[in-house]
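J.: Take this structure first; my questions come after.
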Amino acid sequence: MSALQDAVILANCLYDVEDNSLPSLQAAFQSYYEQRFEMTKKLFRLTEIISKVLSGQTWTDRLLRWILMNLPASFQQRQYIKSSGYRSQVSFLPQVPQRGTIPYWPQVPSKRYQREQETKKDKVDVDAAGRTGQAEAI
């Protein structure tokens with residue numbers, strides 16, 4: 001899952017690159033780093049703890065594994081809901097509407113996509129005004 005999220009965020013950052021210059025590319029990778037580093041660090045630490053507990057080398061690890069495996073389902077469900085809020089979307093496509101009971105975390109909007117949508121809207125408005133003017137002339 002993390003690899004897919006990395007790919008989506010990287011694609012979003014590269015989509016917003018203005019030109020092929022080194023500063024633009026560095027800014028894109030810096031944006032990627034800022035968006036992904038903290039989440040990746042948390043996932044790495046969590047994976048490290050889980051692998052230690054599941055291997056159960058010490059009696060404390062085995063005890064903790066037994067506790068974790070016997071937690072109430074409601075606690076496990078809350079943890080799942082908390083972790084599933086991070087759902088990155090491709091920012092250069094229309095955003096998927098919020099559905100269901102689990103709100104997703106906001107993500108950095110694509111400036112380029114917003115500009116393109118404004119340009120399309122302006123073009124449609126101009127075309128509509130042109131058609132209205134033609135109808136009035138007839």
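Every number here is computed from the coordinates shown, using simple stated rules; none is lab data. Note that the structure is predicted; figures quoted are calculated from it, not measured. Positions of Cβ are generated from backbone atoms using ideal geometry, with glycine treated the same way; all protein chains shown enter the neighbour counts.
J.: Under 18 Å Cα to Cα from Lys42, which aspartates and glutamates show up? Leave out anything in the same chain fewer than 8 places away.
T.: Straight-distance partners of Lys42: Asp6, Glu34.
J.: Quick check: the angle from helix 22-55's long axis to the longest principal axis of the chain, C-alpha only, nearest 10 degrees?
T.: Between the helix axis and the principal axis of the chain, the angle is about 30 degrees.
J.: I've got another one for you. What is the extension gain from Ala27 to Glu118, computed as 0.36 nm multiplied by their sequence separation minus the C-alpha to C-alpha distance, in nm to one decimal?
T.: Contour length minus the Cα-Cα distance gives 30.4 nm.
J.: How large is the dipole of the chain about the Cα centre if only Lys and Arg carry +1 and Asp and Glu carry -1, each at its Cβ, rounded to the nearest 20 debye?
T.: Around 860 debye, computed over the chain.
J.: Same structure again: Hey, rough spin-label estimate for Ser2 and Ser84, points 7 angstrom out along Cα→Cβ, what's it come to in nanometres?
T.: Those two pseudo-labels are separated by 2.1 nm.
J.: Distance in nm between label sites at Gln107 and Lys41, each 7 Å beyond Cα in the beta-carbon direction?
T.: With each label placed 7 Å out from Cα toward Cβ, I get 2.2 nm.
J.: Quick one: helix 111-137 against the long Cα principal axis of the chain, what's the angle to the nearest 10°, folded into 0 to 90?
T.: 30
J.: Can you return the lysines within cross-link range of Lys111? Criterion is Cα-Cα under 25 Å, with same-chain partners fewer than 8 residues away left out.
T.: Lys120, Lys121, Lys123
J.: State the Cα centre-to-centre distance between the range 1-45 and the range 68-84 in whole Å.
T.: With the range 1-45 and the range 68-84 each reduced to a Cα centre, they are spaced 29 Å.
J.: Next question. Round to the nearest 0.05 the FRET efficiency obtained for Asp19 and Gln95 when R0 = 22 Å and r is the Cβ-Cβ distance.
T.: It comes to 0.25.
J.: Cβ under 11 Å from Ser110's Cβ, Ser110 left aside: what net charge do those residues give with Lys, Arg +1 and Asp, Glu -1?
T.: +1
J.: By how many degrees, between 0 and 90 and to the nearest 10, does the Cα long axis of helix 59-69 differ from the longest principal axis of the chain?
T.: So the helix axis and the longest Cα principal axis differ by about 50 degrees.
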